[in-house]
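*Asks:* Quick one: this structure, given as structure tokens, is what I'll be asking you about.
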């Protein structure tokens, strides 16, 4: 498990930028290679990628074997996925569609063991990979694992201060594409538009006021630099298929005479 090799919580508490890659393709072999790129971690996209839980199990193991934390963007804000992913050795779950304080509380309940939550016991893969006894794992699990609520709708933005104050929540994560679509009533995607950035600044303020990590999906250098300037520190830097596209384009350009 990731926690046996690195301490994600302490790393994020340092305040320095944590830039991670993003995967959509279901391949443990590819995940092991992506984890060896110069990024701080790898996130598996179970919502918009093609990755199901059986795929994620092998991918999480490959990422952890490479010495990187495995992060998972779950399919939805459901009660099953956080515990499953943590059982498999993930360090962090990012849950979409958390629009209210009540929904954030349900997320924490699903992700944390008592007294903080009601996560079901059975993380055998995580325990074995970490080399921890069941008692050791239980004592440290709530600290070793982190859960983020996505802020990507107008409703979530209106409730962001209440969501951020949810006990046990570790971070907020903005989906700027969905948020900008929502803010513009479907007019378009503006990841660095004026209204999007104003909304994202509000998310950062709510996170900081409650000691949470502020995260967002960046995707390219320009957007990442803009978000770092707002105070975000936990950023998705690049998607694996886009990295391949950029690499191929660069090679083709270099070959042209």
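*Asks:* Identify the residue in region 53-62 that is in contact with a helix residue (DSSP H, G or I) (Cβ under 7 Å, 6 or more places away or on another chain) and either free of Cβ contacts under 8 Å to residues at least 40 places away in the same chain or outside any helix (DSSP H, G or I) (or both) and, among all such residues, is farthest from residue 32 (Cα to Cα).
*Replies:* 53
*Asks:* Collect the residues in region 63-84 that are within 11 Å of residue 32 (Cβ to Cβ) and in a helix (DSSP H, G or I), keeping them in residue-number order.
*Replies:* 63, 64, 65
*Asks:* Kindly evaluate residue 107 against the criterion of being in a helix (DSSP H, G or I), under 18 Å from residue 148 (Cα atoms) and touching a residue at least 60 places away in the same chain (Cβ under 8 Å).
*Replies:* For residue 107, the condition - in a helix (DSSP H, G or I), under 18 Å from residue 148 (Cα atoms) and touching a residue at least 60 places away in the same chain (Cβ under 8 Å) - is met.
*Asks:* Find all pairs meeting these conditions: Cβ atoms under 8 angstrom apart; at least six residues apart or on different chains; first residue within region 132-158 and at positive phi and in contact (Cβ under 8 Å) with a residue 60 or more places away in the chain; second residue part of a helix (DSSP H, G or I) and crowded, with 20+ Cβ neighbours inside 10 Å.
*Replies:* Matching pairs, first to second residue: none at all.
*Asks:* Please find, within region 211-232, the residue that is farthest from residue 25 (Cα to Cα) out of those that are out of contact with any helix residue (DSSP H, G or I) (no Cβ under 7 Å at 6 or more places or on another chain) and assigned to a loop (DSSP other than H, G, I, E, B).
*Replies:* Step by step, filter region 211-232, then rank; the result is 211.
*Asks:* Which one of 122, 175, 168 is at pLDDT below 95 and either in contact with a helix residue (DSSP H, G or I) (Cβ under 9 Å, 6 or more places away or on another chain) or under 22 Å from residue 12 (Cβ atoms) (or both)?
*Replies:* Working: 175 fails: at pLDDT below 95; 168 fails: at pLDDT below 95.
The unique qualifying residue is 122.
The values are calculated or read from the model by the stated rules, or taken from the named source; none is laboratory data. Please read all numbers here as calculations on a predicted model, not as lab measurements. Cβ atoms come from the backbone with ideal geometry, glycine included; neighbour counts cover every protein chain shown.
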